[in-house]
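S.K.: So that we are looking at the same thing, I have put the structure below in structure tokens.
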Amino acid sequence: MAEVTVTEHILLHQKRSPQATGQFTGLLYDLILSGKTISRRINKAGLLDILGGTGEVNVQGENVQKLDEIANRIMIYRMERCGALCAMASEEEADFIPVSPEFPQGDYILIFDPLDGSSNIDVNVNVGTIFSILRRQHGKTGAVTLDELLQPGTQQVAAGYMLYGPSTMLVFTTGQGVHGFTLDPGVGEFLLSHPNMTIPQQGKIYSVNEGYHQYWDEPTRACIDYFKSSENRLGKPYSARYVGSLVADFHRTLIYGGIYMYPADTRKPQGKLRLLCEAAPLGMLAEQAGGRASTGLGRVLEVKPEKLHARVPLFIGSANDVADVEALYAKHK
Ligand code: P6P
């Protein structure tokens, strides 16, 4: 396959929307630069103790910050200077971050989880950065207000993630399909490796933390039992896979199909995953790849966030599998 860069792909394969002022390409460029910087820091993380001073430990031998704090600082520093944003929100920050007037302002709003699954770094498991891009509502000017960020996922103009694993990948959509790029570390460029990614209509893998079985309600137990039975469309039990790192579990689901589930339970009545920086961006990717994303009761992208860190239950992956979950919940109503 010819070497297609992200910039070339955007220029060649995305319909040039009339209002595209190149701001979006600039936004993506700095998002990619942030991803490359985070990737490099993560890869060095394992060497902290071995390399001592040449790692992240400073000359005073102060403890290195947690990597998700480092990733968060990298994203905020880089993206507030990209010239395309009027506001940002991070899973690591309680409040949203208006872009300071000292930096060039733009029309977009970036919401991100800088390093999802970071607790897995110590055991060298894939982690990722998830991002969602909204546009400021038409006609709004002056200081951005919180309600401008509380848009349903259907309003996203783009969404994606960086996956830091055996290779570093960028997977994103601007509403014209889902495309995957793999970082060539020698060149420092993401090259198109997975054009037009599509989720198989039907899966044979289910992904959930079974340790919470006693906290689930009846309909939820019925959903998980369905995939473990021979009553499902496959006619035999699905395989169980659970990495415990959302981006890794989602990426496998995007490529192999099946269903990832993080249901609500008695301890987490709205589930654990964040709507704005996890469920909505992954939901856009799933739908753009021909799959579905549901709260169990309805389409994730139609949920209107009531607060910045709103959480939702998430059932995401192959269209047939998510449809079966919704049918099971409907039956138990
Ligand atoms: P549990 C990581 O902490 C995370 O946010 C996701 O990356 C992951 O899918 C989920 O939580 C794992 O949660 O409750 O199964 O440990």
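The values are calculated or read from the model by the stated rules, or taken from the named source; none is laboratory data. None of these values were measured; they are calculated from a predicted model. Neighbour counts are summed over all protein chains in view; Cβ atoms, including those assigned to glycine, are modelled from backbone coordinates with ideal geometry.
S.K.: Could you check the stretch 215-250 and list, in sequence order, the residues that are of a type in the set (Phe, Trp, Tyr), surrounded by 17 or more Cβ atoms within 10 Å (Cβ to Cβ) and more than 24 Å from the chain's Cα centre (by Cα)?
M.R.: Hits for the stretch 215-250 are TRP216, TYR226, PHE227, TYR238.
S.K.: State which residue is modelled with the highest pLDDT when the search covers only the stretch 88-98 and only residues that are of a type in the set (A, V, I, L, M, F, W, C) and assigned to a loop (DSSP other than H, G, I, E, B).
M.R.: PHE96
S.K.: If you scan the stretch 252-287, which residues turn out to be more than 16 Å from the ligand (Cβ to nearest atom) and under 14 Å from the mean Cα position of the chain (by Cα)?
M.R.: Matches in the stretch 252-287: MET284, GLU287.
S.K.: Count, please, the residues in the stretch 195-206 that happen to be more than 13 Å from GLY291 (Cβ to Cβ), within 18 Å of the chain's Cα centre (by Cα) and buried (at least 17 other Cβ atoms within 10 Å of the Cβ).
M.R.: 0
S.K.: I need the full set of residues from the stretch 99-127 which are within 16 Å of the ligand (Cβ to nearest atom), modelled with pLDDT of 95 or more and either among the aliphatic types (A, V, I, L, M) or in contact with a His (Cβ under 8 Å, 6 or more places away or on another chain) (or both), in order please.
M.R.: Result: ILE111, single match.
S.K.: Among what's in the stretch 115-142 and is part of a strand (DSSP E or B) and in contact with an Asp or Glu (Cβ under 6 Å, 6 or more places away or on another chain), pick the residue that is nearest to GLN176 (Cα to Cα).
M.R.: By that ranking, first place goes to ARG135.
S.K.: Would you be able to say whether some residue in the stretch 12-31 is modelled with pLDDT under 60 and either crowded, with 16+ Cβ neighbours inside 10 Å or in a helix (DSSP H, G or I) (or both)?
M.R.: No, the stretch 12-31 contains no residue that is modelled with pLDDT under 60 and either crowded, with 16+ Cβ neighbours inside 10 Å or in a helix (DSSP H, G or I) (or both).
S.K.: When the residues of the stretch 143-186 are filtered to those that are of a type in the set (D, E, K, R) and not in a strand (DSSP E or B), which remaining residue is surrounded by the fewest Cβ atoms within 10 Å (Cβ to Cβ)?
M.R.: ASP147
S.K.: Separate question: Could you check the stretch 72-103 and list, in sequence order, the residues that are among the aliphatic types (A, V, I, L, M) and under 15 Å from CYS277 (Cα atoms)?
M.R.: The answer is MET75, ILE76, ALA87, MET88, ALA89, ALA94, ILE97.
S.K.: Hey, does the stretch 261-283 have a residue that's crowded, with 24+ Cβ neighbours inside 10 Å and of a type in the set (Ser, Thr, Tyr)?
M.R.: No, the stretch 261-283 contains no residue that is crowded, with 24+ Cβ neighbours inside 10 Å and of a type in the set (Ser, Thr, Tyr).
S.K.: Right, something else. If I ask for residues that are farther than 16 Å from ASP249 by Cβ and surrounded by 24 or more Cβ atoms within 10 Å (Cβ to Cβ), which ones from the stretch 109-131 would you list?
M.R.: Those that are farther than 16 Å from ASP249 by Cβ and surrounded by 24 or more Cβ atoms within 10 Å (Cβ to Cβ): ILE109, LEU110, ILE111, PHE112, PRO114, PHE131.
S.K.: Which pairs turn up if I take residues in the stretch 308-333 that are in the same structural domain as GLY290 (by TED's automatic domain parsing) and over 23 Å from ARG267 (Cβ atoms) and look for partners that are assigned to a helix (DSSP H, G or I) and among the hydroxyl-bearing types (Ser, Thr, Tyr) with beta carbon separation below 7 Å, at least 6 apart in sequence or on another chain?
M.R.: Hits for this filter: GLY317/THR253; ASP324/TYR226.
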